[in-house]
Amino acid sequence: MEGNSTLTATFEIPENLIAAHHCAQLPIGFTRNGMPYKALCTGEVLEKPTLYTAQLPQVLDWLHSQERPSALEASPCEVPVLLYEKELSFSHILFHYDGTKASVRLIENFLQLFGPHLTESKATIISPRFTPKSKQREEQRIIEQVGQVTAETSFIKFNFTRIGDFWSYAVQQDCSLLVTTKAYQADLAKVLFHFYKGSKWSDRLSFYLAL
């Protein structure tokens, strides 16, 4: 993996657990044996990081060494964070779409960053049960954009209000990656802290967090 000398975020977790990546779009060689790896960018290389990665079990072991779970970042930065399990898989991706502009940007940036990895992926998009008429065209556009780069796309409306609801659904549906907002990172840390290595734990679910 790439070194962490270019970290621009203030992380609560130890920086030696984090790697920075600078590709505008991550090539297929980004993963090797199911793990994020330092790959040569096949396109544009940016000065600032486009992604931070950390192995989820290591992060959770660190969390459990603390008196109480804390957020991953002291102040969430604009660079996405990928917390990957023992093996990073794009086989079934759960997208959290909440109808906001930030949610649209989050999903579009994910598709741009990981596009080459998604051609055989199954995608599930969860959105609020009620979508204002003014947001319906934007919602349809997101569904179409995800469908254009994945092998299979489904769209479901649930009134999920807590990150634990999304985590529970992802585990039940055997999802391999949950794409969601950093706004929930403190609550997510609590959920993962509580359920880590428990009977409901999934050792294949990774997390992509962004603003």
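Values quoted throughout were computed directly from the atomic coordinates according to the rules given, and no laboratory measurement underlies them. As the structure is a prediction and not an experimental result, all values here were calculated from the model. Counting neighbours? That spans all protein chains shown, and the Cβs are built from the backbone with ideal geometry, glycine included.
Per-residue ellipticity at 222 nm from helix content only, as computed over the chain with -39500 (n - 2.57) for each DSSP H run of at least four residues, stands at -9000 deg cm²/dmol. Mind giving me the FRET efficiency for Q58 and A24? R0 is 22 Å, r the Cβ-Cβ distance, nearest 0.05 is fine. For Q58 and A24, the calculated efficiency is 0.20.
With Cα atoms as the point set, the chain shows a radius of gyration and Dmax of 16.3, 47 Å. Highest GNM mean-square fluctuation among H117, H194, H22, for the chain modelled with Cα contacts below 10 Å: H194. A protection proxy built from the mean count of other Cβ atoms within 10 Å ranks the segments 128-135, 186-193, most packed first, as 186-193, 128-135. Charge dipole of the stretch 15-210 (Cα centre as origin; +1 on each Lys and Arg Cβ, -1 on each Asp and Glu Cβ, all else neutral): 440 debye, rounded to the nearest 20. With pairing defined as another cysteine C-beta under 4.7 Å, the cysteines of the chain that fail it are C77, C175. Rounded to the nearest 5, what % of the DSSP beta bridges within the chain are antiparallel ones? Given both bridge residues lie in the chain, the antiparallel proportion sits at roughly 30 percent.
Note on N16 and K86: with the Förster distance fixed at 25 Å, the Cβ-Cβ geometry gives a FRET efficiency of about 0.85.
Is the C-alpha gyration tensor of the stretch 95-171 telling us rounded, prolate or oblate? Criteria: a/c under 1.5 is rounded; beyond that, a/b larger than b/c is prolate, otherwise oblate. Note, shape of the stretch 95-171 comes out oblate.
Compute the Cα gyration tensor for the stretch 1-115, then decide on rounded, prolate or oblate, letting a ≥ b ≥ c be the square roots of its eigenvalues: rounded whenever a/c is under 1.5, prolate when a/b is larger than b/c in the other cases, and oblate in all that remain. Verdict is rounded for the stretch 1-115.
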